[in-house]
Amino acid sequence: MDNVLTNWLLALVAALLAILVLDTTGAEFLSPLEPIATVLSLVTFLTFVIATGAFFVYTASFRDGADS
């Protein structure tokens, strides 16, 4: 699982760097890649939200039930 996550993050970084490079070369090269960048940013955001939620659920499982 670590390899999958590492490869996905490296691919994300490479894609975002490619978008930055293509942005400096001109809009005609960037236009076809704009939907891909949008999807990558949406997937990254949703992954962050899911990972943060999972972390909160995980840490909440250690709460002492006597407080309620």
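Values in this text are rule-based calculations from the coordinates and carry no lab data. This is a predicted model, so every value here is computed, not measured. Here Cβ is always computed from backbone atoms with ideal geometry, including for glycine, and neighbour counts include all displayed protein chains.
The phi-based Karplus calculation (6.51 cos²θ - 1.76 cosθ + 1.60; θ = phi - 60°) puts the 3J(HN,Hα) values of the range 10-16 at 5, 5, 5, 4, 5, 5, 5 Hz, whole numbers, x for Gly and Pro. Its DSSP H runs of at least 4 residues, each contributing -39,500 (n - 2.57), put the calculated 222 nm mean residue ellipticity of the chain at -27500 deg cm²/dmol, to the nearest 500.
Which residue, V39, V57, V49, tops the fluctuation ranking in a GNM of the chain built on C-alpha contacts under 10 Å? So, out of V39, V57, V49, the one fluctuating most is V57. The alpha-carbon positions of the chain define a convex hull whose volume is 99 Å³ per residue. Using Cα atoms only, what is the angle between the long axis of helix 34-60 and the major principal axis of the chain, expressed in degrees (0 to 90) to the nearest 10? Value to nearest ten degrees: 10.
Of the chymotrypsin sites (Phe, Trp or Tyr not before Pro) in the range 10-59, not one is in a loop by DSSP (not H, G, I, E or B) with at most 11 other beta carbons within 10 Å.
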